[in-house]
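Encoded as structure tokens, the structure appears first; notes follow it.
Bear in mind that the values in this text are calculations on the coordinates, not laboratory data. From a predicted model like this one, the values you see are computed outputs, not experimental measurements. A quick note on method: Cβ atoms are made from the backbone with ideal geometry, for glycine too, and the neighbour counts reach across all protein chains shown.
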Amino acid sequence: MYFCSLPTGEQAYYYLYLKAGVYQNQIKGIMEITFDRGKVITAHTQTHSIKTDQPLNSGGENTAPSPFELYLASIGTCAGIYVKSFCDNRNIPAEGIKIIQSYEWDKETGLPVNIRLDIKLPADFPEKYKASLIHVAELCKVKKSIANPPKFEIFTSQS
């Protein structure tokens, strides 16, 4: 395993690099979460900073999506890149294709109990590819991660 420091302004973020990217059949990574101003929380990946905020009615400034909005968006956008790649690989124009994602919530827990992805296709989309399009959307890693949840380990440490 290799560690290296990638300074960003006054703060340095540390990322885990693994020789060949795999260690004991697992790819490992690190993401740093920082507490910015108010309710803004930022996730720093190796190449991006992803800001979240809370809505006004939850004490935030609504300057960015809430973490749960990003979670839900990751489902649709993940399916979307699989659909787009499928079309690109077959030279099928993706213009006019969109995914409408809808949810049903459990009133007691506030958690989704059903998430639907409706892949809206233009009238001229080839009929022979419709079933395959559904199949590739179901390959989304976010959906697979929800269906096969990882183990969570939450702990504290001190610098």
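For trypsin sites (Lys or Arg not before Pro), the sites in the stretch 58-150 that DSSP calls loop and that have at most 13 other Cβ atoms within 10 Å are ARG90, LYS107. Checking every one of the GluC sites (Glu not before Pro) in the stretch 95-159 against DSSP loop status and a limit of 16 other Cβ atoms within 10 Å picks out GLU95, GLU108, GLU138, GLU153. The length gained by stretching the chain between VAL142 and ARG116 to full extension, at 0.36 nm per residue less their Cα-Cα distance, is 8.0 nm.
When you restrict to C-alpha pairs under 8 Å that are six or more residues apart and normalise by the size of the stretch 15-159, the relative contact order lands at 14 percent.
Modelled label positions at PHE155 and LYS98, each set 7 Å beyond Cα in the direction of Cβ, lie 4.7 nm from each other.
If contacts are Cα pairs under 8 angstrom and at least 6 residues apart, what is the relative contact order of the stretch 67-147 in percent?
Numbers: 75 pairs, mean separation 28.9, N = 81.
This gives 36 percent for the stretch 67-147.
Entry note: the stretch 67-147 has Rg to Rh equal to 1.02, where both radii use alpha-carbon atoms and Rh is the Kirkwood radius. For the stretch 69-111, the spread of Cα positions along the three principal axes, ordered from largest to smallest, is 46, 16, 12 Å.
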